[in-house]
Amino acid sequence: MTSQLNVGDYTASIGLPKTTVSLCPECGRKVPAKIREDGGRVVMEKECPDHGAFRDVIWSDARMYLRAEEWAVDGYGVTNPQLDAPPERCPDACGLCTAHLSTTNLANLDLTNRCNLKCPVCFANANAAGYVFEPTFDEVVSMMKVLRAQRPVPTPAIQFAGGEPTIYPRFLDVVRKARELGFAQIQVATNGILLAHGKGFAQELVDAGMHTVYLQFDGLRESDYIAARGVKLLETKKKAVEACRGTKPRPLAMLFVPTVIRTVNDDQVGPILRYAIENRDVVRGVNYQPVAFTGRIDEEARERQRYTLSDLAMDLDKQTGFIAREDMYPVPSVTAISRLITAIHEPKMAFTSHPHCGLATFLVIDEKGNPTPITRMVDVDGLLREMWRLADRAETTIGQFMIGIHKRFSRIKDDEERREALLRKFDEYFGEYIKDPDLPGGVSLHEVLADITFNPEKDPLSRFTWSTMFVGGMHFQDSYNYDIDRVMRCVIHYVVPDGRVIPFCAYNSGPTYRTEVEKKHSVPLEEWRRRNAGKEKYYAGDQAK
């Protein structure tokens, strides 16, 4: 039986069993799929008329799967879509289209598919593809302008990816341009080689405007890198951390991004987090990514190596001793915050992804390095549901309830008096849900949450993130677990040279827009090598490394 348990409007089915639309992993044809509980796990079953039946575990814990659905909510999409298409055309028509139910929270922009590694698990490298995809600087600028032109919310965050984006010849120019265009968060997904071995490169990134380095970090054993990346890299990762620690005026923030494969490095989930905590002056979080199988893999190997978000939550529980699976919340749970901010101020980025795309929590770490999940300091369920109720109230009175509060605060000229008024109003609505208001570094959780709600122009999220550590997981889809309901709610998108904006899981699996886009805007590998003989260098500023 399905039921509507969620906090807001949601057009997909909730509960088990349910049906959705998936794809045949062999031919890519759309096929009906059933999602059901089997022995406490959640499985997807589907059958292609030509290639037979397929079965895959999508969550290893059915109770966690259902709990995540309690926070399911649809977003509002973009008001200037590039394509008019009904939902039944998903994922064959991407643009973004009129059927998409979320805005772009984070945009990936691939600068090149060249790389200074040959990772066995990689879906994006020139050596495997046989061609070089490397947009010109002008094309990159045009793509960034497409993102900033999105409405009602210009894309706030961009992540340069690849291949290895740092070897793009005008990489630092691209970062400077992103800052000029107004991206609030500028990131790079990197293997860290140039950070570790390019003298001064980390400082050049800071000077250009980089905010966050997403560092591939698969474990603390050299064997993990040999298995996943094909070479020894552990010391390179550690040197990259030290390089970011040495930047001025403050360390360049890093997030570790481990690709987790069952039977390969799933026992490293806890050690990676502990290492991040040891380096918390520079490492702001860990974003685990369960492996997505981008090529063909037989059922036995897939069953052995498949790693799900609930596996991650349970491993964090077992391997750390300080995070319980109940501390992990699905991404759309925080939609209540953005919805309330929108009711008071103006449209803001809403994390309206599918409830089964990701899980996360925050750790508060004291001066001795002892971590406490923020769920022990805040009644998260109560706080978020109260925010949702207040947003409902604001919208049903044409926003006057909350807008009036904002106007009254804006008339208070004295900063201290205004701050006290904000705190009193926050306590009136939400104080009962805050168990422990103090964060490290003299930061008050009351103040941060009050500013997030009533005074976001003060950038309270930066104070919050520098006082806490993010711990999360994002499970991108492959053709075996593909669910079109997830694609329609994706919040992480790729922007491509022809101006389209394409959901992550549609770009890298399913119809694989990546292949279409890259072939259209690329040159054969051998031709590229002839054109660039002797020029294939890795750059930091004007100096080839």
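Just so it is clear, none of the values below were taken in a lab; they were calculated from the coordinates. Computed from a prediction, not measured in an experiment: that's the story for all the values here. All Cβ positions, glycine included, derive from the backbone under ideal geometry; neighbour counts span all protein chains shown.
With a ≥ b ≥ c taken as the square roots of the eigenvalues of the C-alpha gyration tensor of segment 1-110, please select rounded if a/c is under 1.5 and otherwise prolate if a/b is larger than b/c or oblate if it is not?
Oblate, since a/c reaches 1.5 and b/c is not below a/b.
Simple spin-label estimate for Val141 and Val231 gives 3.3 nm between the two label positions (7 Å along the Cα-to-Cβ direction from each Cα). Its Cα centre serving as origin, the chain has a Cβ charge dipole (Lys and Arg +1, Asp and Glu -1) of approximately 1200 debye. Along segment 10-26 the Karplus relation, 6.51 cos²θ - 1.76 cosθ + 1.60 evaluated at θ = phi - 60°, assigns HN-Hα couplings of 8, 9, 8, 6, 10, x, 10, x, 8, 10, 8, 10, 10, 10, 6, x, 8 Hz to successive residues, with x for each Gly and Pro. Spin-label pair Arg245-Lys118: with each label point 7 Å from Cα along the Cα-Cβ axis, the two points sit 3.4 nm from one another. For the pair segment 133-167 and segment 176-218, the centres of their Cα atoms are 14 angstrom apart.
With the simple model of a label 7 Å out from the Cα in the direction of the Cβ, Glu45 to Arg389 spans 4.2 nm.
Per residue, the average separation of C-alpha pairs within less than 8 Å and at least 6 apart gives the chain a relative contact order of 19 percent.
Each stretch of four or more DSSP H residues adds -39500 (n - 2.57); spread over every residue of the chain, this sum gives -10000 deg cm²/dmol at 222 nm.
Overall shape: rounded for the chain, with the ratio a/c of the largest to smallest alpha carbon gyration tensor axis below 1.5.
Rounded, prolate or oblate: pick one for segment 92-220, where a ≥ b ≥ c are the square roots of the eigenvalues of its C-alpha gyration tensor, a/c under 1.5 means rounded, and failing that, prolate if a/b is larger than b/c, else oblate.
Cα axes put segment 92-220 in the oblate bin.
Cβ-Cβ distance of Arg148 and Arg531, R₀ of 41 Å, FRET efficiency by 1/(1 + (r/R0)^6): the value works out to about 0.80.
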